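S.K.: Handing you this structure, nothing more for now.
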Amino acid sequence: MRITGRPAALLASAAAFTAFAALAGCTVQPQDPDAKRGLPVRIQLPSSPAPAPTGMAGTKPTTTPSTSPPRATVPAPDTPTAPPAPPPRVLWAHGSSGPEVRELQARLRQVGWLSAAPTGTYGPRTEQAVRGFQGKRGLPPTGRLDTVTWQRLLAMTHRPSHWELYLMGGQPAAAPDTRCLTGRVLCIDKTSRTLRWMIDGRTVDTLSVRFGTQYTPTREGVFKVYWKSRHHVSTLYHSAMPYAMFFSGGQAVHYSADFAARGYAGGSHGCVNVRDEAGIARLFAQVKVGDKVVISR
């Protein structure tokens, strides 16, 4: 039977669409009721696969290899290093003398590292005191007074008074007598109460001294050392006279324990007393028989 009219047109359109769907890769569901009734069918296109979730366990992220060449590593420029700090400069050491050394000794007394009175001469006691002060504060214990040690000591002490500097009556050495400017001389000044050990006009060492009393004065003038006695004991007064260097009769330059203990409160029987035992020991080792002794005021 031949179908004419509108149904025939619909069937023709459906046939054409079905053919197109087949060519497009689509399938017609046979159970679709519209197909049975000759109505246009619904075409179900295949769904695109859903993108794989990222960041989930069990999945491996897809990495795209880089096509760019590896970047060259440029070494960092060397960082300039600061030059090492220069070592501390030594200001005074064993054998130094002068007002600066006297101030050093007075300041060491303030912090309890030196018990002896200032003498102005950097001897073994001062060296030992400086070494102890340095070691206590973590500084190299050299015994030499350098800039770092001096700044640390200044920060811990006050400026010494005149009494602290010239404890027990010591005074700065006076200008040497003109008779002391040549040769090897024990140049002794009664006014400043000091003894200079001089060689060819140069002061090698300076020590504080005291003299005889009113009734037993120390002679003045130019003399020579005629005898040295390391462990001498006075036969007249039965008193010890260590490091004795005789210059006139029974008068000598020697160490006095009484002078070290009482200072200028006492006096000698005409001798020149020295209170710095280390200083007189050093002097005794250098002075020779025949060296000149000049005593003036």
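The values are calculated or read from the model by the stated rules, or taken from the named source; none is laboratory data. All figures in this text were calculated on a predicted structure; none of them were measured in a lab. Because the Cβ atoms are built from the backbone with ideal geometry, glycine has one as well, and the counts that use them run over all protein chains shown.
S.K.: Which count do you get for residues in the range 205-224 that are more than 17 Å from Cys180 (Cβ to Cβ) and of a type in the set (Ser, Thr, Tyr)?
M.R.: 4
S.K.: Another question about this same structure. Out of the residues in the range 96-108 that are closer than 17 Å to Ala155 by Cβ and of a type outside the set (Lys, Arg), state the one that is surrounded by the fewest Cβ atoms within 10 Å (Cβ to Cβ).
M.R.: Glu103
S.K.: To continue, here is another question. Within the range 109-155, can you find the residues that are crowded, with 20+ Cβ neighbours inside 10 Å, in contact with a His (Cβ under 9 Å, 6 or more places away or on another chain) and more than 15 Å from Leu91 (Cβ to Cβ)?
M.R.: Gly123
S.K.: Next question, about the same structure. All but one of (1) within 41 Å of the chain's Cα centre (by Cα); (2) surrounded by fewer than 16 Cβ atoms within 10 Å (Cβ to Cβ) hold for Leu195; state the number of the condition that does not hold.
M.R.: Only one criterion in (1) within 41 Å of the chain's Cα centre (by Cα); (2) surrounded by fewer than 16 Cβ atoms within 10 Å (Cβ to Cβ) is unmet by Leu195, namely (2).
S.K.: A follow-up question, please. Examine the range 108-120 for a residue that is at pLDDT below 95 and either touching a Phe, Trp or Tyr at 6+ places or on another chain (Cβ under 6 Å) or among the aromatic types (Phe, Trp, Tyr) (or both), and state whether such a residue exists.
M.R.: Scanning the range 108-120, I find at least one residue that is at pLDDT below 95 and either touching a Phe, Trp or Tyr at 6+ places or on another chain (Cβ under 6 Å) or among the aromatic types (Phe, Trp, Tyr) (or both), so the answer is yes.
S.K.: Here's something else I'd like to know. Looking at the range 227-239, is at least one residue assigned by TED's automatic domain parsing to the domain that holds Ile188, part of a strand (DSSP E or B), in contact (Cβ under 8 Å) with a residue 24 or more places away in the chain and surrounded by 14 or more Cβ atoms within 10 Å (Cβ to Cβ)?
M.R.: Yes: the range 227-239 contains one or more residues that are assigned by TED's automatic domain parsing to the domain that holds Ile188, part of a strand (DSSP E or B), in contact (Cβ under 8 Å) with a residue 24 or more places away in the chain and surrounded by 14 or more Cβ atoms within 10 Å (Cβ to Cβ).
S.K.: Which one of these is assigned to a loop (DSSP other than H, G, I, E, B), surrounded by 21 or more Cβ atoms within 10 Å (Cβ to Cβ) and modelled with pLDDT of 95 or more: Thr218, Thr182?
M.R.: When all the criteria are applied, what remains is Thr218.
S.K.: For the range 146-169, which positions are touching a Phe, Trp or Tyr at 6+ places or on another chain (Cβ under 9 Å), modelled with pLDDT under 95 and either outside any helix (DSSP H, G or I) or of a type in the set (A, V, I, L, M, F, W, C) (or both)?
M.R.: Scanning the range 146-169 gives a single hit, Met168.
S.K.: Could you please let me know if Tyr264 is closer than 23 Å to Pro176 by Cβ, modelled with pLDDT under 95 and of a type outside the set (D, E, K, R)?
M.R.: yes
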